Amino acid sequence: MVQSLNKTAELTTQGISYLGMGAKYGHFLIGDQAFEFFNENNVADYIQIPWTNVKAVYAQVSKNHIGRRFRVTTDSGNFDFSAKESGKVLKVMREHLGDEKVLRQPTLWRSVLARFKKRKDV
């Protein structure tokens, strides 16, 4: 059994991890020390990300609707997750990380425009 990094849990909810091949269903445990994901079927399959290692969190936002998927960028790589209650998850993460680290993921249109803008500057 894995020992949790958190001393207190602020939010627990169901979610999906997209690490490796396929989706893994489990639970998010968001607390005072870290963001954690535990797989439902295999307890040894887990992800623990301390708040100090998080560089940024990117969420899909269109107008006033927050999408289910979000990406956590860390020192060691990127982790993709999904949750029905992604708004609650992001709100608790923002309390620990601050507004400057919880960001909108660029849309496809903005990504294409940014590439053309870079080519013009060169």
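Amide H of residue 45 versus every other amide H placed in the peptide plane: which residues, excluding those fewer than 5 positions away on the same chain, fall under 5 Å?
39
Starting from the Cα gyration tensor of the chain, take the square roots of the eigenvalues, sort them a ≥ b ≥ c, and report rounded, prolate or oblate (rounded when a/c is under 1.5, otherwise prolate if a/b is larger than b/c, else oblate).
It is prolate, given that a/c is not under 1.5 and a/b is the larger ratio.
Please list 54, 61, 112 from largest to smallest accessible area, probe radius 1.4 Å, with all protein chains kept in place.
112, 61, 54
What figure, in Å² to the nearest 10, do you get for the accessible area of residue 58 with a 1.4 Å probe and non-protein molecules left out?
The accessible area of residue 58 comes to roughly 70 Å².
List the trypsin sites (Lys or Arg not before Pro) within region 25-83 that DSSP assigns to loop and that have no more than 13 neighbouring Cβ atoms inside 10 Å.
Filter output for region 25-83: 63.
The values are calculated or read from the model by the stated rules, or taken from the named source; none is laboratory data. Note that the structure is predicted; figures quoted are calculated from it, not measured. Every residue, glycine as well, gets a Cβ built from its backbone with ideal geometry; the counts of neighbours run over all protein chains shown. Note: areas computed on protein heavy atoms with side chains; ligands, DNA, RNA excluded. Shrake-Rupley method; radii C 1.70, N 1.55, O 1.52, S 1.80 Å.
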